[in-house]
Structures are given as C-alpha cells and as structure tokens.
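Here's the structure we're looking at; comments come further down.
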Amino acid sequence: MPGLVHDPLELRKEYFAANLQMVGAMHRAGVPFLAGTDAAPGVYIMPGFSLHDELANFVEAGFTPMQSLQTATSGPAKFLGLENNYGSVQAGKIADLVLLSANPLDDIHNTKKITAVIVNGRLFDRAALDRILKQVESAAKRNGAQAGVNPKTAATSTVFSRTNTMANIPERQP
C-alpha cells in the first residue's frame, strides 16, 4: 500500500477478525477445512509451529477442539481418499504420533505441550526434540545472517490465504 509509513496493525486486526467470521460461517455451512498453509518457502514459517496457531484460530472461528484437530488428521486422509490407511490411530493403520502432556480437547493450546513424537516408528523424546530444535535454530541464525535477517526480531503476521488457511508472513522491519 503506497503511502503507508507505519504498520497498519489496526487494519490487519480488523481483516483477521473478518476472516475468522468468514471461516466460522463457512464451517457452519458445512464447508470442509484442512489445516496447513500454502506459504512460499523463505517466509519464516517453521512447519509444525504455525499449525498450533492455526488450530487455535479454527477454535476461535467456532470449531470445537475436536473439529479443529480433525482438520489436520482425519480430514486430509478423507480428502485424499486414504482414510482406510491414515487419519486415525487404530490397528492396521499408518500413523505418526504426537504425544501430549495435556488434553487438547480441554484446551486446543495443549497441542504445544509435546512430550514425544513418533515418526516412521522412531521415538523422539522431549530431550531429542529439544536437540533438534537447537540445530534448527542454529541453522536459521546462519541462514538469516546470510540473508541479513535477525530471526529473533523478524516480525510475522497471520493472514488467511486464498485457500482459506492461514500463513505467517514476515513483515518488513524499518
């Protein structure tokens, strides 16, 4: 927007609130939703982290916590026609698991309380996950320094994309 000399935070808040209302209305009308973003590479979205925010936003828009979780589990499996093999935890199905220390049905923010992850049959306990996160942070710092970006101060805003999912978009720093 030419002529803007500062961040139009109030405008973005209004836009976000309107999008939440639209998503809620579409959900009540029966429109199916899938979690995930269509953000381009290099926009400081770390897969997994933004999903927690998106699940919380679905609840804010009127989904139950279970419906929100289904946008990332059974919903994609059903959409892809793979629900016989994926999308739920039961004998004979393929599943990666995130083990939580608190119930996300009580509070969707509990999806962030990860104690372990099982991927392709391999267990990553909290200590292993923390080591991986430190490696990712180090790599981000190296890559950010090469690009002239400070990952500690890079601001992001959440917006809905053209597919009615959300993306965290970095903002230009003054």
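Computed from the coordinates by the stated procedures, all read-outs in this text should not be read as laboratory data. Computed from a predicted model, the values in this text were never measured in an experiment. Virtual Cβ from ideal backbone geometry, glycine too; neighbours counted across all protein chains shown.
Taking amide hydrogens as placed 1.01 Å from N in the peptide plane, the amide H of Ala116 sits under 5 Å from those of Leu99, each at least 5 positions away in sequence or on another chain. Rg/Rh for the range 73-138 (Cα atoms only, Rh after Kirkwood) is 1.04. For the listed peptides 106-119, 77-90, a ranking on the average number of other beta carbons within 10 Å per residue, highest first, reads 106-119, 77-90. Placing a pseudo-label 7 Å from each Cα along the Cα-to-Cβ vector at Glu83 and Asp96 gives an inter-label distance of 2.3 nm.
For the pairs Lys113/Lys134; Lys13/Lys112; Lys93/Lys134, note any where the Cα-Cα span goes beyond 26 Å. Distance filter (> 26 Å) returns Lys93/Lys134.
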